[in-house]
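Data block below; observations after.
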Amino acid sequence: MDRAMPEPIYRTRGVTKVYGTGPAAVHALRGVDLDVPEGELVVLLGASGSGKSTFLNIIGGLDHPSSGQVWFRGQDLAALSDADLTRYRRRNVGFVFQFYNLIPSLTARENVALVTEIAEAPMDPAEALDLVGLGQRVDHFPAQMSGGEQQRVAIARAIAKRPDILLCDEPTGALDSQTGVVVLKAIETVQRDLGTTTMVITHNAGIADMAHRVLRFVDGRLAGVEVNETRVAPDQLSW
């Protein structure tokens with residue numbers, strides 16, 4: 001039995017995304033209806049090309065749907081101009097990708113500060129780095145860090161502006177399992193301690209066991225939603 005769902009932070013109805021026209025058109029999303037609860041950790045599973053990243057890009061304001069509606073706390077993102085979407089991303093959304101996109105010539109603190117300088121009520125960069133377990137590495141440069149540490153800097157950078165949403169696209173995709181667990185612990189800490197609604201795309205089905213909810217995408221459609229009554233800690237996951 002599904003537990004009571006908190007008030008959704010996102011609602012999508014009939015969301016489609018088509019790239020190109022005519023016989024060559026690619027239907028990346030084929031009518032996605034979904035409510036995303038506020039404050040949960042949600043994992044998106046599916047093969048390459050199933051629509052996961054397209055869906056994340058649309059709710060994150062990086063792309064427009066071809067049709068359908070996407071509400072963020074009652075605001076229809078599909079109706080926003082590009083300028084309004086930029087403001088939405090800046091105020092509400094943090095992004096973490098497979099590749100860290102850190103600036104090599106800046107320290108961890110300085111990489112995080114790039115975001116806090118344009119945020120309305122940011123964390124201190126050192127506080128954000130401490131939250132992801134890098135309190136002793138604030139003055140190190142990316143080249144002095146492991147891949148897992150660089151990814152945690154990227155997480156700190158994403159959450160330092162105190163976003164409502166943290167969207168992670170294959171955050172452990174370039175990491176070995178041991179390092180990936182450390183990164184997942186950082187993501188879980190952010191979700192738990194800050195209450196940030198967190199959505200994680202992964203090809204690794206084992207990661208789904210740490211989520212509150214699991215969304216399964218197949219051929220551009222939402223094929224299923226599962227609720228984990230019992231969640232597994234990142235260091236207990238089966239990879």
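Conditions (1) farther than 30 Å from TYR19 by Cα; (2) under 17 Å from the mean Cα position of the chain (by Cα), marked per residue:
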| position | (1), (2) |
| --- | --- |
| GLY60 | no, yes |
| HIS64 | no, no |
| VAL70 | no, yes |
| LEU80 | no, no |
| ARG91 | no, yes |
| TYR100 | no, yes |
| PRO104 | yes, no |
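ALA121 versus (1) over 18 Å from the mean Cα position of the chain (by Cα); (2) modelled with pLDDT of 95 or more; (3) assigned to a loop (DSSP other than H, G, I, E, B): which is the lone unmet condition?
In the conditions (1) over 18 Å from the mean Cα position of the chain (by Cα); (2) modelled with pLDDT of 95 or more; (3) assigned to a loop (DSSP other than H, G, I, E, B), ALA121 misses (2) alone.
Just need a number here: residues in segment 172-221 that are in a helix (DSSP H, G or I) and either touching a His at 6+ places or on another chain (Cβ under 8 Å) or over 16 Å from ALA158 (Cα atoms) (or both). Spell out how you get there, then give the answer.
Step one: list which residues in segment 172-221 are in a helix (DSSP H, G or I), which gives 177-194, 205-210.
Within this subset, residues satisfying the condition of being either touching a His at 6+ places or on another chain (Cβ under 8 Å) or over 16 Å from ALA158 (Cα atoms) (or both) are 177-182, 205-210.
Looking only at that region, the number is 12.
Please go through (1) touching a residue at least 40 places away in the same chain (Cβ under 8 Å); (2) under 19 Å from LEU215 (Cα atoms); (3) out of contact with any Ser or Thr (no Cβ under 7 Å at 6 or more places or on another chain); (4) surrounded by 17 or more Cβ atoms within 10 Å (Cβ to Cβ) for ASN57 and return the number of the only condition it doesn't satisfy.
Answer for ASN57: the failing condition is (1).
Specify which of the listed residues (LEU45, LEU77) is in contact (Cβ under 8 Å) with a residue 12 or more places away in the chain, buried (at least 16 other Cβ atoms within 10 Å of the Cβ), among the hydrophobic types (A, V, I, L, M, F, W, C) and farther than 30 Å from ARG231 by Cα.
Result of the check over LEU45, LEU77: LEU77.
Condition check: free of Cβ contacts under 8 Å to residues at least 60 places away in the same chain, farther than 30 Å from GLY180 by Cβ and hydroxyl-bearing (Ser, Thr, Tyr). Does SER105 satisfy that?
Details: free of Cβ contacts under 8 Å to residues at least 60 places away in the same chain: yes; farther than 30 Å from GLY180 by Cβ: no; hydroxyl-bearing (Ser, Thr, Tyr): yes.
Here the answer is no, as SER105 does not meet what is asked.
Please state which of the following conditions LEU167 fails to meet, knowing it meets all the rest: (1) in a helix (DSSP H, G or I); (2) of a type in the set (A, V, I, L, M, F, W, C); (3) in contact with a strand residue (DSSP E or B) (Cβ under 8 Å, 6 or more places away or on another chain).
The one condition LEU167 does not meet is (1).
Could you please give the count of residues in segment 97-110 that are at pLDDT below 95 and either surrounded by 15 or more Cβ atoms within 10 Å (Cβ to Cβ) or hydrophobic (A, V, I, L, M, F, W, C) (or both)? Before you say what the answer is, go through the steps one by one.
So in segment 97-110, the residues at pLDDT below 95 come out as 97-101.
Filter once more, keeping what is either surrounded by 15 or more Cβ atoms within 10 Å (Cβ to Cβ) or hydrophobic (A, V, I, L, M, F, W, C) (or both): 97-100.
Selection size over segment 97-110: 4.
Going by the conditions given, is ASP193 farther than 19 Å from GLY46 by Cβ and of a type outside the set (A, V, I, L, M, F, W, C)?
Numbers: farther than 19 Å from GLY46 by Cβ: yes; of a type outside the set (A, V, I, L, M, F, W, C): yes.
Yes.
The values are calculated or read from the model by the stated rules, or taken from the named source; none is laboratory data. This structure is a prediction, so every number in the text was calculated from the model and none was measured. Note that each Cβ is placed from the backbone with ideal geometry, even for glycine, and that neighbours are counted across all protein chains shown.
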